[in-house]
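Everything below concerns the one structure shown next.
The values are calculated or read from the model by the stated rules, or taken from the named source; none is laboratory data. Note that the structure is predicted; figures quoted are calculated from it, not measured. Every residue, glycine as well, gets a Cβ built from its backbone with ideal geometry; the counts of neighbours run over all protein chains shown. Keep in mind that these areas ignore ligands, DNA and RNA; they rest on the heavy atoms of the full protein, side chains included. Shrake-Rupley method; radii C 1.70, N 1.55, O 1.52, S 1.80 Å.
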Amino acid sequence: MDLRNKSHINIGIKMLLWMMGVLCFTAVRAQDPHFSQYFAHPLYINPAFAGANECPRINIGYRNQWPNIAGGFSTMSVSYDQHIHAIRGGLGAKVFADIQGGGTYRNISASVMYSYRFKLGRNFSLRLAAEAAYVNRYANWTSLTFPDQFDPMLGLVRPTTDEDLSQTPLDRHYADFAVGALGYNDYFYVGLSVNHLSRPDEGFMGVQRLAIKYTAHVGGVIYFKKVYNTKRSEKDISLSPNLIFTQQGKFEELSYGLYLNVYPMVVGVWYRHNFTNSDALIALLGFEYKGVKIAYSYDVCVSQLRKSGGAHEVSLGFRLPCQEKQKLRKVQAVPCPSF
């Protein structure tokens, strides 16, 4: 190993340790939207997943949460990423939209990310990543109603006595930043991401700092049958256990799940909760064939919101053809699930 490679490895290890220290000792606040098909949106979990696949890929997803409640939540994400040998890492781009109250409130962002790959031994890789995003948050004041507008007999007839903000621009634009780390071999991976590093002000009428979000995840794959001796294939029969922990402000969430891959079908089950209340039991069914994957999942609500209708989620993914040079120089892929 030459001095240049040793220097890269030392820098990578120091940065990973620093990020773990931040996770352990920093207090945070707030809560972001989430998906239940976690790995159908790898760049949303951790920017270090950018380029951590053998070939370029596109991931598309849609989530409809609490459909039985008027003005529920609709969340969408589209992402693209690939590894580029010339820059020794991966590039990724993501567009994210969260719509609430039938469009009364929306949060839309577009981001780009870069992950640098360190080779730490024959079968272990470390990726360190940075992400920059442009975010727009908008609220339509004229679509809101307030309790003092309702008459017990006639319904919605009165003007509100609250402050009229219809002329106030409820429209925020700001930059947001994140970093991530991902270590993995052919059978195991562990990662950490830190979002909202600059704690941007997202308040409409006053300063309201967005809390930093920390996500730690770990998982692996247990093979029952491999098509090839060394190369990973979607046709392998395998079991994949995973765990994801998120902390943002006073909110903490723990999710653990298991996937069974029997080509071309993938079956998964997750359980999500915080440390005081249960949230949802998640069932997933997916198919993956010749680089195309599609999945549906349903959140069975086990909290007090049982009548909310849970959440429906669908995802669609495409593995694009590798470039000729990419085929000659194999990329070590992360052994994480497809969904």
**Study point:** Breaking point among (1) touching an Asp or Glu at 6+ places or on another chain (Cβ under 7 Å); (2) of a type in the set (Phe, Trp, Tyr); (3) not in a loop (DSSP other than H, G, I, E, B), for Tyr298
**Key:** (1)
Check your understanding: Taking segment 47-74, which residues are farther than 26 Å from Cys301 by Cα and either among the charged types (D, E, K, R) or not in a strand (DSSP E or B) (or both)?
Key -> Pro47, Ala48, Phe49, Ala50, Gly51, Ala52, Asn53, Glu54, Cys55, Pro56, Arg57
Review point. Out of curiosity, is Ile84 of a type in the set (Val, Ile, Thr) and surrounded by fewer than 17 Cβ atoms within 10 Å (Cβ to Cβ)?
Key: yes
Exercise for review: Within segment 293-315, track down each residue that is open to solvent by less than 60 Å² (accessible area, probe 1.4 Å) and aliphatic (A, V, I, L, M).
Suggested key: Ala295, Val302, Ala311
Check your understanding: Give me the pairs: first residue in segment 195-212 and farther than 14 Å from His173 by Cα and without any contact (Cβ under 8 Å) to a residue 24 or more places away in the chain, second residue of a type in the set (Ser, Thr, Tyr) and assigned to a loop (DSSP other than H, G, I, E, B), beta-carbon distance under 7 Å, and six or more apart or on different chains, which are they?
Key -> none
Review point. Within segment 268-287, restricting attention to residues that are more than 20 Å from the chain's Cα centre (by Cα) and farther than 22 Å from Phe73 by Cα, which residue is least open to solvent (accessible area, probe 1.4 Å)?
Key: Phe287
Exercise for review: Please note which strands (runs of 3 or more DSSP E) are completely contained in segment 170-260 and include at least 2 residues that are touching a Lys or Arg at 6+ places or on another chain (Cβ under 8 Å) and open to solvent by 30 Å² or more (accessible area, probe 1.4 Å).
Suggested key: 171-184, 237-248
Check your understanding: Take the residues of segment 87-99 that are without any contact (Cβ under 8 Å) to a residue 60 or more places away in the chain and buried (at least 17 other Cβ atoms within 10 Å of the Cβ): which is nearest to Asn64 (Cα to Cα)?
Key -> Ile99
